[in-house]
1. Scan around Ser109 for amide H atoms under 5 Å from its own, H built in the peptide plane at 1.01 Å from N, and keep only partners 5 or more places away or cross-chain.
2. For Asp43, Asp52, which order do you get if you count the other beta carbons within 10 Å of each Cβ and list the fewest first?
3. Compute the separation of the alpha-carbon centres of the stretch 7-31 and the stretch 46-87 and state it in Å as a whole number.
4. Taking every DSSP beta bridge that has both residues in the stretch 1-119, what percent is antiparallel when rounded to the nearest 5?
5. Relative to the present Cα-Cα distance, how much length would full extension add between Leu5 and Ala22 at 0.36 nm per residue of separation?
Amino acid sequence: MRTELSNPASAPAPAGPYSQVARLDFGDGALLILSGQVALDDDNAEIVGEGDVAVQAERTLDVIGALLKAHGAGFADVVNIRTYLTDMADRAAYAQVRARYFTGEPPTSTTVAVAALFRPEALIEIEVTAVVRGR
């Protein structure tokens, strides 16, 4: 098995000293483990959609989509999603956005409430694991 840590140029750079994607190649497939993502702009300077969980969820899922695409994957390849919300009252708004990205059989899922995220304006953080087959 081969392991690669990467920060694809086709997605925003990480907000700190970490890798965005861990790729574990095995046989004719790969396991992708993505770092948690928040709704930062392309320069990692500002939160996109401050105060609006739906806008933040959309931005975060767009970044996740770019990271997946860089490894030949998409939302249909996601097998697990972990979501951290600063307010569980935002769960319904997030679910509406999420449903636009995950249109097939839904992945396994965990959603938890947290007191805060690494940026005080961030309302949501999402991380995913995907399996890419036959590529």
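1. Residues meeting the criterion, in which the H sits 1.01 Å from N, are Ile81.
2. On the way: Asp43 8, Asp52 16.
Taking fewest neighbouring Cβ atoms as first place, the list is Asp43, Asp52.
3. Each part reduced to its Cα centre gives a spacing of 15 Å.
4. Numbers: 12 of 18 bridges.
Taking every DSSP beta bridge with both residues in the stretch 1-119, the antiparallel ones total about 65 percent.
5. Working: separation 17, 0.36 × 17 = 6.12 nm, distance 0.46 nm.
Value of the extension gain: 5.7 nm.
Throughout, read-outs are computed from the coordinates displayed, never taken from laboratory work. Just so we're clear, the structure is a prediction, and the values are computed from it rather than from any experiment. Positions of Cβ are generated from backbone atoms using ideal geometry, with glycine treated the same way; all protein chains shown enter the neighbour counts.
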